[in-house]
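One structure below.
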Amino acid sequence: MISTFPKPGSGQSGGRQFLFLVVVMLAVICYLFYRSLIPDYVLFNNDTPLGAIKYLYDNLKDAFSGRWDDLNLVGFPIGEAVPSISPILLSLLGAVGFAKFYAPLAIFFLGICAWTFFRALKLSPLAATLGALAAALNSAFFSDACWGVASHQIAFGMDFLALALIVSNSPETPARIRWTRLALAGFAVGVNVTEGADVGAIFSLLVAAFVFYMALTEKSVSVLNKFSRGIVRVSIVAVFAGFIALQTVLTLVSTNIQGVSGTQQDAATKAAHWDFATQWSFPKVETLGIVVPGLFGYRMDTPDGGNYWGVIGRGAGTIRFSGDGYYAGVLVILVALWAMAQLFRKQNPIFSEPHRRSLWFWTAVLIVSLLLSWGKFAPFYALIYKLPYFSTIRNPTKFLYVFSWALVIIFACGIHGLGRRYLEIPVVGSTSLFVQLKAWWTKVRGFDRGWTSACVAAIVVALLAWLIYALQKPDLVKYLQTAGFPDEDMAKQIAAFSVAQAGWFVLFFAPATGLLTFVLAGVFSGRRARWGGIFLGALLILDLGRADLPWIVHWNYMQKYDIDPADRNNSTNPIINFLRDKSYEHRVAILPFGSQGHLLFYDDAFGDVYRIEWAQHHFLYYNIQSLDIIQMPRMPVDLEAFDTALAFQNTPETVYLIARKWQLTNTRYLLGPAGFLDTLNQQLDPVQQRFRIVKRFDVMPKPGIEQVKKLEELTAFPNDNGGCALFEFTGALPRARLYAGWQVGTNDDATLKMLAATNFDPAKIVLVSTNLPSPPPADTTDENSGTVEFKSYAPKDIVLDARANAPTVLLLNDKFDPDWRVTVDGKPAELLRCNFIMRGVYLTPGAHTVEFQFKLPNGPLYVTLTAIAVGICMLGLLVFSTRKSNAAIRR
């Protein structure tokens, strides 16, 4: 390692420096994620678990023309898959490989791109290497990838590449190369939006601000020219970013803004949406977590007291899972503070004028982004919340990614300054380290002496703060018992863990300060510079690596998903196997639970197993369609209206609406305690009593599990006298049904009231929101309207065989969307909106083949593919032109 570490100012080739970084990063990442190499293990993923990944992979082939989620609610559009880095990785790795390696690959990509930017910024090899490691291991980025949003790290990497292209330009750069780099920077920003969505949009604004700032700080140019150049350059970046991200932007608008509840831009809606939009705000006191890892815990399920106990995401009396850590690294913070302090150094400045200008920009970004991340806990976020469409961005803590990004850049610049001033100077004489340190202290004056004294004082303050915090542990335990952890033993564990984390900070802060002092004293100057780089790198990796470990959680997916080892397409869970059989013919839901109202079901251990394990994992993995919402922070307006109209109001008069909703949505199967059969029949369906038990079972530990510690260790075992049951509601409408009787109504409010009316029978009449011919005479009953069966089923292509005995409306109990098309016997027909939210088609008497297809316009996809082709050509042009220009300079 000593012989290969990039020495500051050395003449090593860029290739060797890059190879060294690759080796170090791969070694660190392989060590941290070694369990991903075990065959049956995948990385934890909260936002897109293996079941969801498998669903996306199975439907990836035609996802570029639009995607339809048929597994939750009554179906809804989720936009188009965009030909970008993440879908390519999914297609290459497969579902299991993607679940194993997506996060580490994204982290590796981020580090490589950060190194590219730092070298383009003309930082030293040591600064570029340590900066890349600081970016890859920064807890805000690392935990985000491990939580399941690794596409963010790819987005941040593309932003680094965009900045690398931008800072590579200079007044001496030939015009053709200069404009090509700006265009390619725009393409990189566009990919950032594609991968990062709203986070990518925030970073695109940051890149635009940097481009404009760089134009304003150019020398020997009039103010008017500075502004005009800045506007032109930003416009070029924006145009090419929009060129490649057009498909993504249209998808985001159609799925997250248009027709979505709470996204209207009037003042009243914004005010009503404030609490929802700012729920994930960063409390000011938790800013200490940037400096002290784990001070407020990690994930909610971290063992040995590492549970998150802060208030990010807390609302309605509950504490939500913490999905991100924000620890930046003690060495990173120390060096960044040193670098920012250099901006106020008037004599003998360390940084060149271009680097000083860059540091001022990133320091401003650092401060502003931290203030905005506080969200509802400070007045600053309210200012940008008033800007157009900022109210649609949920989660002010997303600005902590900007904060961390800026901090890493400042840190890399700081390492560069330290290297140039203190590591690369020649050594005069040869003395021992401590003799040299003592001699330096007797002579040093000014900034370096003041800085060192302040660091020593900070160590003393940190030590005293830790001791005081440890003495206050009993008070912390009492607080925790009122903040969501009533169990005293659990509260004591959490308090002890927090105090220990503060102690770990002091243990790393002291050597980091000592190491930095050694650098300032010239101990690692000259030939010892290599050792200085090694010690700095080792401390950085140990500190951040230790803080990142709790975020790495692996699952044995064979055990978690109850996969039969003898047949991997089968499940060992009998309830799952029953529900997955022709799941497109029915939906499943859990019985309602709560603690108030006339109808009281339950909230027991099985409820947790269902909501956390079965609904979020098994149903997705095995393609089981459920009415329950798994993850939908932005509710479409029509779904919200439908749900509100059929909502149980905790009164005896409205209890029937529970069964009515199940009836209208083809929710045929329900899960819950077996003892509630009589309650279901007597309260929800007292006249016809159409609830019955299909299977009874018990929830017990899986084979080989002696002591249950996690919900994933429980499964269903058949038992004729079991406490849990799979209920069938025979009154639920079939997924597809023919109606000889219909009623036309174009008033949506009236339609919703009719659907919820006690005298309305959904089995006899279908409500149609499109003008149709009059229905047949009243003597034509529903029983002789005909039959309909599934011929084939795919989420975006459903084929039915129908035999209509009279003019009928074929009702398909899946959500209506104007991008669905329907054909009858191969000929286009009018898509009907039925029962307010479902889709259907009018049929004449006779046998028909009916096909419903979902497909979005291909225009945006073709634009993106064209942009990719143009980008590849421009990249080739840049390489050719740069080599030609360099060859001309050498001649």
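The values are calculated or read from the model by the stated rules, or taken from the named source; none is laboratory data. From a predicted model like this one, the values you see are computed outputs, not experimental measurements. Because the Cβ atoms are built from the backbone with ideal geometry, glycine has one as well, and the counts that use them run over all protein chains shown. Accessible surface is based on the protein model in full, side chains and every heavy atom, while ligands, DNA and RNA are left aside. Shrake-Rupley method; radii C 1.70, N 1.55, O 1.52, S 1.80 Å.
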Residue among 801, 797, 825, 817 that alone is within 24 Å of residue 640 (Cα to Cα) and acidic (Asp, Glu):
817
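Go over the candidates 345, 394, 356 one by one and state the one that is open to solvent by 30 Å² or more (accessible area, probe 1.4 Å), in contact with a Pro (Cβ under 8 Å, 6 or more places away or on another chain) and more than 22 Å from residue 279 (Cα to Cα). It would help to see each step written out before you state the result.
Working: 345 fails: in contact with a Pro (Cβ under 8 Å, 6 or more places away or on another chain); 394 fails: more than 22 Å from residue 279 (Cα to Cα).
Just a single option satisfies the conditions, and that option is 356.
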For region 745-763, pairs from a residue that is in contact (Cβ under 8 Å) with a residue 40 or more places away in the chain and closer than 14 Å to residue 638 by Cα to a residue that is small (Gly, Ala, Ser) and outside any helix (DSSP H, G or I), with Cβ under 6 Å and 6 or more apart or across chains, are 751/745
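Residues 768, 850, 809, 824: which one is among the aliphatic types (A, V, I, L, M), in contact with a strand residue (DSSP E or B) (Cβ under 8 Å, 6 or more places away or on another chain), open to solvent by less than 30 Å² (accessible area, probe 1.4 Å) and free of Cβ contacts under 8 Å to residues at least 40 places away in the same chain? Let's see the steps before the verdict.
On the way: 768 fails: free of Cβ contacts under 8 Å to residues at least 40 places away in the same chain; 850 fails: free of Cβ contacts under 8 Å to residues at least 40 places away in the same chain; 809 fails: free of Cβ contacts under 8 Å to residues at least 40 places away in the same chain.
Testing whether each residue is among the aliphatic types (A, V, I, L, M), in contact with a strand residue (DSSP E or B) (Cβ under 8 Å, 6 or more places away or on another chain), open to solvent by less than 30 Å² (accessible area, probe 1.4 Å) and free of Cβ contacts under 8 Å to residues at least 40 places away in the same chain leaves just 824.
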Among the residues of region 115-125, count how many are modelled with pLDDT of 95 or more and open to solvent by less than 10 Å² (accessible area, probe 1.4 Å).
2
Restricting the first residue to region 14-41 and requiring it to be among the polar types (S, T, N, Q), which pairs with a second residue that is at pLDDT 95 or above and buried (at least 19 other Cβ atoms within 10 Å of the Cβ) meet a Cβ separation below 7 Å and a spacing of at least six or different chains?
36/43; 36/100; 36/101; 36/104
Restricting to region 717-748, give me the number of residues that are open to solvent by less than 40 Å² (accessible area, probe 1.4 Å) and under 30 Å from residue 773 (Cα atoms).
11
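Just to be sure before I move on: is residue 380 within 25 Å of residue 358 (Cα to Cα), in contact with a helix residue (DSSP H, G or I) (Cβ under 7 Å, 6 or more places away or on another chain) and surrounded by fewer than 22 Cβ atoms within 10 Å (Cβ to Cβ) in the structure I sent?
Details: within 25 Å of residue 358 (Cα to Cα): yes; in contact with a helix residue (DSSP H, G or I) (Cβ under 7 Å, 6 or more places away or on another chain): yes; surrounded by fewer than 22 Cβ atoms within 10 Å (Cβ to Cβ): yes.
Answer is yes for this residue.
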Determine, yes or no, whether residue 183 is more than 19 Å from residue 403 (Cβ to Cβ), touching a residue at least 60 places away in the same chain (Cβ under 8 Å), in contact with a Phe, Trp or Tyr (Cβ under 7 Å, 6 or more places away or on another chain) and open to solvent by less than 10 Å² (accessible area, probe 1.4 Å).
yes
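So, residue 714, is that one within 30 Å of residue 49 (Cβ to Cβ), surrounded by 12 or more Cβ atoms within 10 Å (Cβ to Cβ) and not acidic (Asp, Glu) or not?
yes
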Members of region 815-841 found to be part of a loop (DSSP other than H, G, I, E, B) and either of a type in the set (A, V, I, L, M, F, W, C) or over 35 Å from the mean Cα position of the chain (by Cα) (or both), listed by number:
816, 825, 826, 830, 831, 836, 837
Options 628, 638: the member that is touching a residue at least 40 places away in the same chain (Cβ under 8 Å), assigned to a loop (DSSP other than H, G, I, E, B) and of a type in the set (Asp, Glu)
628
Which of the residues belonging to region 460-491 are among the aliphatic types (A, V, I, L, M), in contact (Cβ under 8 Å) with a residue 12 or more places away in the chain and farther than 16 Å from residue 308 by Cβ?
462, 463, 465, 470, 477
Residues in region 665-706 that are within 33 Å of the chain's Cα centre (by Cα) and either loosely packed, with under 15 Cβ neighbours inside 10 Å or β-branched (Val, Ile, Thr) (or both) total 5
Looking at region 493-519, I want the residues that are over 15 Å from residue 471 (Cα atoms) and among the charged types (D, E, K, R) and have a partner that is in a helix (DSSP H, G or I) and modelled with pLDDT of 95 or more with Cβ atoms under 7 Å, at least 6 apart or on another chain. Which pairs are those?
none
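Being touching a Pro at 6+ places or on another chain (Cβ under 8 Å) and either farther than 22 Å from residue 423 by Cα or surrounded by fewer than 19 Cβ atoms within 10 Å (Cβ to Cβ) (or both) narrows it down to one residue among 481, 472, 493, 501; which is it? Steps first, please.
Values: 481 fails: touching a Pro at 6+ places or on another chain (Cβ under 8 Å); 472 fails: touching a Pro at 6+ places or on another chain (Cβ under 8 Å); 493 fails: touching a Pro at 6+ places or on another chain (Cβ under 8 Å).
On inspection, the qualifying residue turns out to be 501.
Looking at region 374-395, which of its residues are part of a helix (DSSP H, G or I) and more than 22 Å from residue 249 (Cβ to Cβ)? Working first, answer last.
Let us first name the residues in region 374-395 that are part of a helix (DSSP H, G or I), namely 375-377, 381-385, 390-392.
Selection gives 375, 376, 377, 381, 382, 383.
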